[in-house]
Amino acid sequence: MSHTEDDMRTFAALPPARGRAFAETWWGQAWLKALEDTALDTAQLKAGRRLARAGAVGAVSVRPGRITAVVEDRGGATYRSDVLLQCLDEDEWDGFLTMAAERAGHIAALLDRDMPPHLVEDASASGVELLPGIGDLEPRCDCDAWDHCAHTAALSYQLARLLDQDPFVLLLLRGRGERALLDELQVRSTVRAEPEAPREDDEAEGVDAAEAYASAIVLPPLPGPPPLPEEPGLPPSLDTETPPPAGTDVDALAFLGAQAAAEAHRLLAEALSPGHEQRAVLPELTVVQDAVRLAAASPAPHIRARLAETGGRGREGLTLAVRAWEYGGAAGLDVLDEEWTPDADGLARARAALDAAWDDERPTLRAARGRWSTADGQAQLRLGRDGRWWPYRKQRGRWSPAGPATSDPASALAGATGSADEDG
């Protein structure tokens, strides 16, 4: 289903409905009763049911007062078919909205895609007939039939299935889209007078749970998100007159508090950035990865030593891990730690990328699993699982990250060899 605007909705063609009823809800059945009581030719109704069951009704457009679809008959000819239903006038809508604003449980039911009978009864009591009656469904079709033909009947049967899924379709037909209806209810709710304070001799009356829950629908909108603070907050001070328990590393606790505040500020900045809700949720860091993240914040030497023990890397290994983290976060750390072999398709794509990366003769590279090293053994390309290339260079006999990842292996290798030349 796609939405064009609030006053029109277009539903994709439904699959064939063989072996099932067109309407299972009572309001969907009421729609079909209005059709079947109105049509004069029962043969056309039967033909329409057959077309609808066979999936001959195309996408259905619903807008105030009209439903439209292209229907294909058994001979293969197509016809634009419309069924018209009179919209409620302003007075009728005013009566319905007043009733609904006073009974929030009705709106809660609609949002749950339900239409309880008492909603229709209360609407009728306020002078509004939501469901169509005899003669209310007016057919129009390219086949020029003067009554319901097979095509408009098929469209009506198909709409019953849509009504089963969403009773707001009926309200749109009557003249109000879901968003517009809820907006009007919100306005009416906010301008309603505050209830009088109960007298001491009044009995306290309860509120139906559904109505209390649904009242949130018509409350004023929530305020916008708060602005991002300019800098992380300060963690609590650990400088107190009470001595810490034996074995407590106060400096480590202060460092962790400051890092927690900095990380919270970073996460909040990401959450407030445009398009954040569309980004993939990253997996939580492991203890070993988090130790590297903390080490990248330049803690005191004794704290860094403890972090090196946590990851089992040692001092030099932690230095390499911090460099990988600074170039690529958790992804960069995975490339440092993990040695993997791409499958046949992955290797073919990697070789094609290497062949296309150089305008002149490609440098000689020795391949080993997902790593390609230069002939002198001083520079290396590592292929990440995401298809990006990471530059590495030999430093004191160990492979060291030499830069961030790139999709171009030539650029990555230039970064690795350039770093090696500079060190030399």
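The values are calculated or read from the model by the stated rules, or taken from the named source; none is laboratory data. Note that the coordinates shown come from a computational prediction; the quantities given were computed from them, not determined experimentally. When we count neighbours, we look across all protein chains shown, and the Cβ atoms used for this are built from the backbone with ideal geometry, even at glycine. We work out accessible area using only protein heavy atoms, side chains counted, and drop any ligands, DNA or RNA first. Shrake-Rupley method; radii C 1.70, N 1.55, O 1.52, S 1.80 Å.
Which members of segment 336-353 meet the condition of being closer than 14 Å to residue 390 by Cα and open to solvent by less than 20 Å² (accessible area, probe 1.4 Å)?
The one that is closer than 14 Å to residue 390 by Cα and open to solvent by less than 20 Å² (accessible area, probe 1.4 Å): 350.
So residue 140 fits all but one of (1) at pLDDT 90 or above; (2) open to solvent by less than 30 Å² (accessible area, probe 1.4 Å); what number is the exception?
Residue 140 satisfies every listed condition except (2).
So which of 129, 121 is part of a loop (DSSP other than H, G, I, E, B) and either open to solvent by 20 Å² or more (accessible area, probe 1.4 Å) or free of Cβ contacts under 8 Å to residues at least 24 places away in the same chain (or both)?
Testing whether each residue is part of a loop (DSSP other than H, G, I, E, B) and either open to solvent by 20 Å² or more (accessible area, probe 1.4 Å) or free of Cβ contacts under 8 Å to residues at least 24 places away in the same chain (or both) leaves just 129.
Can you name the number of the only condition in (1) of a type in the set (Lys, Arg); (2) at negative phi; (3) in a loop (DSSP other than H, G, I, E, B) that residue 113 fails?
The single condition residue 113 does not satisfy is (2).
Give me a count of the residues in segment 297-314 that are assigned to a loop (DSSP other than H, G, I, E, B) and crowded, with 18+ Cβ neighbours inside 10 Å.
2
Here's the yes/no breakdown for (1) open to solvent by 40 Å² or more (accessible area, probe 1.4 Å); (2) farther than 23 Å from residue 318 by Cα; (3) at pLDDT 90 or above:
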site	(1), (2), (3)
364	yes, yes, yes
367	yes, yes, yes
385	yes, no, yes
402	no, no, yes
411	yes, yes, yes
